[in-house]
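Asker: Questions regarding the structure given below will be posed in turn.
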Ligand SMILES: C[S@@+](CC[C@H](N)C(=O)[O-])C[C@H]1O[C@@H](n2cnc3c(N)ncnc32)[C@H](O)[C@@H]1O
């Protein structure tokens with residue numbers, strides 16, 4: 001399985017610019033996220049110490065006000081993500097570490113934040129996040145919801161990517177290409193007979209879920225096949241082998257995101273962790289955006305008394 005800490009940007013490639021979640025195809029953050037994080041930062045005095053856990057390339061800090069004067073830290077398991085973050089938000093102290101073992105003292109931060117991040121390190125990582133909150137400080141987290149908007153989209157895309165792998169669709173494409181370039185008419189007929197029903201199953205998948213690696217593969221292959229007289233055989237087989245890697249990465253990434261997504265039961269565990277860490281005013285609800293019936297995130301907030 002491809003792991004998030006290796007080849008970070010490649011791993012998160014379908015999540016928009018810099019591996020961010022909930023951005024559009026142009027890499028623009030959803031306005032609801034901008035409004036939410038701007039609100040969190042608004043009342044914070046200059047000099048406040050902030051840490052973003054599982055920060056990736058710094059999506060949350062993309063919402064900071066100008067001339068904020070905060071002391072920023074970011075922790076992520078991926079060194080590659082943090083190098084990108086440093087280039088986008090110079091002056092940030094970066095810490096390469098797992099989110100459930102952050103090498104800083106207790107109560108070091110006035111604000112602890114995370115967006116679609118901490119939950120990748122398991123439910124216990126919330127105890128670690130709580131440990132870092134200073135007296136009078138706050139914890140503010142947006143986390144993946146099991147069965148929510150992002151998780152449902154991931155589930156649909158994962159099923160189609162898995163279908164591509166289970167039906168060995170890329171092998172069928174390769175057999176068709178080999179037969180087409182060999183000039184063997186009987187071989188071509190056989191390859192086509194095997195290809196057509198499998199391709200129609202992938203087509204049906206595009207009907208169920210338009211976005212995803214399965215669509216890119218089928219649409220791309222059809223174009224290459226139709227225009228094959230313009231290409232060398234190796235161009236097409238090379239593209240198909242590249243797509244095999246993309247399918248495997250999509251299955252790994254989407255499965256990983258689905259495992260991170262938290263149910264209502266998980267939320268009970270997290271509440272316990274935060275309370276045991278000495279935080280109070282623990283408030284957890286679902287974060288929704290206009291026009292979306294499904295929740296986008298769990299909104300988890302808590303504070304440590306003075
Ligand atoms: C979906 S990305 C979100 C990144 C960023 N917070 C954002 O909103 O764009 C998840 C991030 O969690 C990091 N991650 C995954 N597992 C982790 C772990 N066990 N400890 C720390 N970070 C982890 C990944 O490297 C990745 O940057």
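The values are calculated or read from the model by the stated rules, or taken from the named source; none is laboratory data. Only a predicted model underlies this, so the values are computations on that prediction, with no experimental measurement involved. Neighbour counts run over all protein chains shown; Cβ positions are idealised from the backbone, glycine included.
Asker: Please count how many residues of region 123-136 are buried (at least 20 other Cβ atoms within 10 Å of the Cβ) and over 16 Å from residue 75 (Cβ atoms).
Answerer: So the count comes out to 0.
Asker: Consider region 124-149. How many of its residues are at negative phi and away from the ligand (no atom under 12 Å from the Cβ)?
Answerer: 16
Asker: Please go through region 183-217 and give me each residue that is closer than 30 Å to residue 253 by Cβ and part of a loop (DSSP other than H, G, I, E, B), ordered by number.
Answerer: Hits for region 183-217 are 209, 210, 211, 212.
Asker: Inspect region 257-273 for any residue being at pLDDT below 95 and surrounded by 17 or more Cβ atoms within 10 Å (Cβ to Cβ) and give the result as yes or no.
Answerer: Yes, region 257-273 has at least one match.
Asker: Restricting attention to region 266-286, which residues are more than 14 Å from residue 151 (Cα to Cα) and within 22 Å of the chain's Cα centre (by Cα)? Break it down stepwise before answering.
Answerer: The first filter runs over region 266-286 and keeps only residues more than 14 Å from residue 151 (Cα to Cα), leaving 266-285.
Selection gives 266, 267, 270, 284, 285.
Asker: How many of the residues making up region 94-118 are more than 9 Å from the ligand (Cβ to nearest atom) and either without any contact (Cβ under 8 Å) to a residue 12 or more places away in the chain or not in a strand (DSSP E or B) (or both)?
Answerer: Within region 94-118, residues that are more than 9 Å from the ligand (Cβ to nearest atom) and either without any contact (Cβ under 8 Å) to a residue 12 or more places away in the chain or not in a strand (DSSP E or B) (or both) number 6.
Asker: Out of 169, 116, 109, which single residue is touching a strand residue (DSSP E or B) at 6+ places or on another chain (Cβ under 6 Å) and crowded, with 20+ Cβ neighbours inside 10 Å?
Answerer: 109
Asker: What residue, among those in region 71-84 that are under 14 Å from residue 117 (Cβ atoms) and touching a helix residue (DSSP H, G or I) at 6+ places or on another chain (Cβ under 7 Å), is farthest from the ligand (Cβ to nearest atom)?
Answerer: 74
Asker: Next question. Could you tell me how many of the residues in region 42-70 are modelled with pLDDT of 95 or more, more than 14 Å from the ligand (Cβ to nearest atom) and at positive phi?
Answerer: Number of matching residues: 2.
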